[in-house]
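The values are calculated or read from the model by the stated rules, or taken from the named source; none is laboratory data. Every value quoted in this text rests on a predicted model; they were computed, and no experiment measured them. No Cβ is skipped: glycine too gets one built from the backbone with ideal geometry, and neighbour counts run over all protein chains shown.
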């Protein structure tokens, strides 16, 4: 239930024009538009947009003409937000021509210019949050407080330290700060390492970073920086909206079936459910369905604060007729609960969804008003998973969401039961394996349709040689956690081995097996003159972390700072090494989702993924260097083959003489 929900758009006005379902669908279209260089230009957009159902009947040429009117340079590289603005341009233009069948829930707008904007109000709120939480940081205290009216935020982001520190504020302990480069004069290499560490760690806490690269952070592109910071802060503020952390949330539902449903909701929806639960107690009859328009008049806020903090209750807020003044009274009342000023009266009146969400989340953190009924909380604790299952669920959830599929997963065990998510993952890792004509997209009312989806999942799994003896689609529909985890592990392992297999310079197209990964890792460490070896991926000697640190140093010698490595003899030393290993691997460029405990306890599955990720980075990096060398060799040969101007003239003279 934890994690950031959906696709984030840094421009709030732009985000409010799309539902999350539509955003994820369009994000999937954007990914498919990437050309051979991995980029998207306006010229790549028309063929993709022509396939969108909204533009049925509109030709590629017509869409191209609309975009040409909006931009003089069709070869300019665009990102996802400009892609969305292009969508709105096409939508507005085709509607004028009478060729658009409006069946979508988009808010219709006029022509949109293809440029990014950021909300200054959001930027100011996020800067205030950074100043508050990082003011005592040994490295950043010399740069804080940041003045939100200047570009100081973006200048500070360029070094990569600020965002790494902010990730640790959002989810403490995610990054081992010994792995962050914190010299005062960082070179470009060190900055890039920090940004790589930041993006891989952001993925590992649930941020959506599909459209963000290290170069975007080096350049500190404002809309991407503000968007990423917003996600980190949102994750921090919504962290307690989880049954495991706040079992009192069980009060929001009536029975065990509703608890399962609650566990499958994203944190934003749980926050809305909590808010409506409290408003009902206050006698407020209107349902709040969003953090924007439904909160503009301030009535819901006034009732919420009165029911949560009756000692500060007042009727003057509701009696105030001026919306701005009422909003100001609301903020003053919330401050009595020690809530940070995340919103201004203007933000409430104008319906800033991101800042209103942050404000409501802060109210929840300081005063949730939920019962401390022991029986109910004990029941909630019984419904939550054991530690090992929770860790595996977290790993698979983050991995699935990192793939960029259309559906966002909040709880693996609940969200896969319709089969649709698994079909999306299968299509991603084994293209054209899914027969979409036989698939049903949620919401699915007829139970047999879910079984059909899951049966297709099992059949595809068998075709990929997964071990699925006596496993049926109905096992997934029924939410059999053991079988779901086993299937997801085989999916992840298949994806990982496919990536390695595709590095033909190493595998020559042959199948890669677990034994190949084990052999590669041992040989890599041995060639560097080290004595450490692992007998298998469940070798208990791996718990001290030394082997993986030597492996990381063998693929990139400068990445490990041996002065901070312990001998790994005590439990505390083992944890220090394990935490450092994960951060160093992410700093190198490995996309991994394991926890320090997985290394300490030698979780065979997670140890395999860690080793394979390091192997993939090493071989991929080697392949890139070989291609670069080949290109340089070709240039040199070309230069040698090119005759000098003098010899060319002599040749021409010789030819004319003949």
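Results, tabulated for the structure shown:
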| quantity | calculated |
| --- | --- |
| Hey, residue 459 over 29 Å from the mean Cα position of the chain (by Cα), surrounded by 13 or more Cβ atoms within 10 Å (Cβ to Cβ) and free of Cβ contacts under 8 Å to residues at least 12 places away in the same chain or not | yes |
| Flag for residue 479 being surrounded by fewer than 20 Cβ atoms within 10 Å (Cβ to Cβ), modelled with pLDDT under 95 and within 26 Å of the chain's Cα centre (by Cα) | yes |
| Some residue of the range 116-127 being farther than 17 Å from residue 224 by Cα and either more than 21 Å from the chain's Cα centre (by Cα) or buried (at least 18 other Cβ atoms within 10 Å of the Cβ) (or both) | no |
| Filter result for residue 130 (over 26 Å from residue 577 (Cβ atoms), in contact with a helix residue (DSSP H, G or I) (Cβ under 7 Å, 6 or more places away or on another chain) and at pLDDT 95 or above) | yes |
| Residue 425 being touching a helix residue (DSSP H, G or I) at 6+ places or on another chain (Cβ under 7 Å) and free of Cβ contacts under 8 Å to residues at least 24 places away in the same chain | no |
| Whichever residue in the range 26-40 is in contact with a strand residue (DSSP E or B) (Cβ under 8 Å, 6 or more places away or on another chain) and under 16 Å from residue 90 (Cβ atoms) and, among such residues, is surrounded by the fewest Cβ atoms within 10 Å (Cβ to Cβ) | 33 |
| Test: residue in the range 311-324 that is assigned by TED's automatic domain parsing to the domain that holds residue 365, buried (at least 16 other Cβ atoms within 10 Å of the Cβ), within 36 Å of the chain's Cα centre (by Cα) and closer than 28 Å to residue 132 by Cα | no |
| Test for residue 485: is it assigned by TED's automatic domain parsing to the domain that holds residue 407, surrounded by 16 or more Cβ atoms within 10 Å (Cβ to Cβ), assigned to a helix (DSSP H, G or I) and in contact (Cβ under 8 Å) with a residue 60 or more places away in the chain | yes |
| Some residue of the range 558-574 being assigned to a loop (DSSP other than H, G, I, E, B), in contact (Cβ under 8 Å) with a residue 60 or more places away in the chain and either under 26 Å from the mean Cα position of the chain (by Cα) or under 16 Å from residue 197 (Cα atoms) (or both) | yes |
| So residue 552, is it assigned to a helix (DSSP H, G or I) and buried (at least 18 other Cβ atoms within 10 Å of the Cβ) | yes |
| Residue in the range 87-108 that is surrounded by fewer than 21 Cβ atoms within 10 Å (Cβ to Cβ), at pLDDT 80 or above and closer than 28 Å to residue 223 by Cα present | yes |
| Helices (runs of 4 or more DSSP H) wholly inside the range 187-297 that include at least 3 residues being in contact (Cβ under 8 Å) with a residue 60 or more places away in the chain, under 21 Å from residue 159 (Cα atoms) and not assigned by TED's automatic domain parsing to the domain that holds residue 29 | 188-204, 222-237 |
| Matching residues in the range 380-408 - criterion: being under 25 Å from residue 255 (Cβ atoms) and at pLDDT below 90 | 380, 381, 382, 383, 384, 385, 386, 389, 390 |
| Hits in the range 368-377 - residues which are surrounded by fewer than 19 Cβ atoms within 10 Å (Cβ to Cβ) and modelled with pLDDT of 65 or more | 368, 369, 371, 372, 373 |
| Filtered residues of the range 453-472 (kept if assigned to a helix (DSSP H, G or I) and out of contact with any helix residue (DSSP H, G or I) (no Cβ under 7 Å at 6 or more places or on another chain)) | 459, 462, 463 |
| Residue in the range 164-175 that is more than 19 Å from the chain's Cα centre (by Cα) and outside the structural domain of residue 559 (by TED's automatic domain parsing) present | no |
